[in-house]
Amino acid sequence: DNPATNGSIVGYANPPFAEQTIIHNGNQSMPMAYDNAVGKSEATLTLTSNKDWTVNGVNTLTIWFRGDFGNTAETLYITLNGNARVDNDNPDAALRGSWTQWNIPLQAFADQGVNLTNVNSITLGLSSATGGTGMMYFDDIQLHPPAQ
């Protein structure tokens, strides 16, 4: 991404690139440093497979995140297909020093025009505080069917 408009860095500069100590589950999490001096910080994954988010009746996107008390308070958000954005309800999400589960109903994206059978990108982002900085960790990004 263009550093003139995006202040995020995903992963570490040297191996191991993923975080291997601050994890929610498994062996690693995704670290994302943010510096909103340019306005926002985002990490986008373009999907080349598994683009149908209706298979097996899934209806919820779950993301585990962790911030730090030393971070600048920021709005944490998810964007699908580059234009349908859902903000986390907690404006201080970046300050959460423990792992926090965020369940997002997929209908929230469909209501904004996303065709859930053809999701082509997912973006994790932080914005709002001009010049805000910090480090976030993301883990266990999953789709879930309705609870049984």
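Summary of computed values
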quantity: Qualifying residues in the range 11-35 (those that are in a loop (DSSP other than H, G, I, E, B) and hydrophobic (A, V, I, L, M, F, W, C)) - the one nearest to Gly97 (Cα to Cα); calculated: Ile22
quantity: Qualifying positions in the range 129-141 - surrounded by fewer than 20 Cβ atoms within 10 Å (Cβ to Cβ) and more than 15 Å from the chain's Cα centre (by Cα); calculated: Ala129, Thr130, Gly131, Thr133
quantity: Evaluation of Tyr77 against (1) touching a Ser or Thr at 6+ places or on another chain (Cβ under 9 Å); (2) of a type outside the set (Asp, Glu); (3) in a loop (DSSP other than H, G, I, E, B) (one fails), failing number; calculated: (3)
quantity: Pairs, first free of Cβ contacts under 8 Å to residues at least 60 places away in the same chain in the range 37-56, second surrounded by 15 or more Cβ atoms within 10 Å (Cβ to Cβ), C-beta under 8 Å, six or more apart; calculated: Val38/Asn6; Val38/Gly7
quantity: Hey, Asn103 among the polar types (S, T, N, Q) and at positive phi or not; calculated: no
quantity: For Asn6: the one exception among (1) in contact with an Asp or Glu (Cβ under 7 Å, 6 or more places away or on another chain); (2) part of a strand (DSSP E or B); (3) under 21 Å from Arg85 (Cβ atoms); calculated: (2)
quantity: Search result, residues across the range 31-62 that are of a type in the set (Gly, Ala, Ser), over 14 Å from the mean Cα position of the chain (by Cα) and within 23 Å of Ala73 (Cβ to Cβ); calculated: Ala37, Gly39
quantity: Within the range 68-87, considering residues that are within 10 Å of the chain's Cα centre (by Cα) and among the hydrophobic types (A, V, I, L, M, F, W, C), the one surrounded by the fewest Cβ atoms within 10 Å (Cβ to Cβ); calculated: Ile78
quantity: Qualifying positions in the range 88-103 - in contact (Cβ under 8 Å) with a residue 40 or more places away in the chain, within 12 Å of the chain's Cα centre (by Cα) and surrounded by 16 or more Cβ atoms within 10 Å (Cβ to Cβ); calculated: Ala94, Trp102
quantity: Filter result (in contact with a Phe, Trp or Tyr (Cβ under 9 Å, 6 or more places away or on another chain) and at positive phi) within the range 1-60; calculated: Gly11
quantity: Test: residue in the range 109-120 that is crowded, with 16+ Cβ neighbours inside 10 Å, outside any strand (DSSP E or B), touching a Phe, Trp or Tyr at 6+ places or on another chain (Cβ under 8 Å) and not basic (Lys, Arg); calculated: yes
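Read-outs: derived from the displayed coordinates by stated rules, not from any lab. Everything quoted here is computed from the prediction, not taken from an experiment. Cβ atoms come from the backbone with ideal geometry, glycine included; neighbour counts cover every protein chain shown.
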